[in-house]
Amino acid sequence: MLGKALEKLHFLKDSAPSLSFIQGFSNQLPFSPDSVDIITCSQSFHWMDPGSTLQEVSRCLRPGGIFAAYDCDWPLVLQPDIEARYSHLIATSEALLAELQPAAEQACKWDKEGHLARMKASGVFTYAREIVFHNTENCDAQRYVGLMLSQGGIQTVLKLDPAALTQDIAGFTADVEQFFQGRTLPVLISYRMRVGVK
């Protein structure tokens, strides 16, 4: 992700001087206390230890500062059979992952549905709630399949045993291509943002 961000920064000549990227950990941020207005986690908070991360976020945010963790609802709204096939593919990848990788080597993933409750329980926010919103974007079969392939569990299975999901991915891809039929169509993308105000 850092490599892609740096690659895209090269094309944003006007914004380049005001943007920078720093590699680090969510519970060891390189900011002074009470110095940051907004901290966000885009589809990533579930990979972070919530307790230590929220304490660090609180340390860095100024009073009234905002923390926002947001995620897409997967799969993207499209067609019931394709969405069911997507869910089956995710479940299959999780079952394969349990077989292919010892539990001690698997990444710890916190459930997204618990983000808001953990934020409230942290005691560092004066206000916290979930906001749901939607956006319509253009999508084709390649993008839809690419979003599915980008999911962490699927990527891990593909690294451990590239052939394990071949048939499932091929079937999913065929269904998606049949639906889009070479077209680019508007697709509804739904987001859930958990917001905390210090």
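The values are calculated or read from the model by the stated rules, or taken from the named source; none is laboratory data. Please read these numbers as outputs of a predicted model, since none were measured by experiment. Every residue, glycine as well, gets a Cβ built from its backbone with ideal geometry; the counts of neighbours run over all protein chains shown.
Things worth noting here:
- Only one of the numbered conditions (1) free of Cβ contacts under 8 Å to residues at least 60 places away in the same chain; (2) touching a His at 6+ places or on another chain (Cβ under 7 Å) is not met by residue 23, and that is (2).
- Residue that is farthest from residue 44 (Cα to Cα) [pool: residues in the range 73-124 that are part of a loop (DSSP other than H, G, I, E, B), modelled with pLDDT of 90 or more and in contact with a helix residue (DSSP H, G or I) (Cβ under 6 Å, 6 or more places away or on another chain)]: 79
- Top-ranked residue in the range 125-146 [being in a strand (DSSP E or B) and among the β-branched types (Val, Ile, Thr); ranked as nearest to residue 34 (Cα to Cα)]: 131
- Test for residue 183: is it more than 25 Å from residue 27 (Cα to Cα), in a helix (DSSP H, G or I), modelled with pLDDT of 95 or more and among the basic types (Lys, Arg): no
Yes/no per residue for (1) under 16 Å from the mean Cα position of the chain (by Cα); (2) closer than 18 Å to residue 80 by Cα; (3) surrounded by 11 or more Cβ atoms within 10 Å (Cβ to Cβ):
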{"site": "142", "(1), (2), (3)": "no, no, yes"}
{"site": "146", "(1), (2), (3)": "yes, no, yes"}
{"site": "152", "(1), (2), (3)": "yes, no, yes"}
{"site": "159", "(1), (2), (3)": "no, no, no"}
{"site": "164", "(1), (2), (3)": "no, no, yes"}
{"site": "168", "(1), (2), (3)": "no, yes, yes"}
{"site": "175", "(1), (2), (3)": "no, yes, yes"}
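- Residue 20 among the small types (Gly, Ala, Ser), assigned to a loop (DSSP other than H, G, I, E, B) and loosely packed, with under 10 Cβ neighbours inside 10 Å: yes
- Qualifying residue in the range 63-70 (condition: modelled with pLDDT of 95 or more, in a helix (DSSP H, G or I) and buried (at least 18 other Cβ atoms within 10 Å of the Cβ)): no
- Residue 31 meets each of the listed conditions (1) surrounded by fewer than 11 Cβ atoms within 10 Å (Cβ to Cβ); (2) among the hydrophobic types (A, V, I, L, M, F, W, C); (3) over 20 Å from the mean Cα position of the chain (by Cα) apart from (1).
- Hits in the range 98-148 - residues which are under 30 Å from residue 64 (Cα atoms) and among the charged types (D, E, K, R): 109, 111, 112, 113, 118, 120, 129, 130
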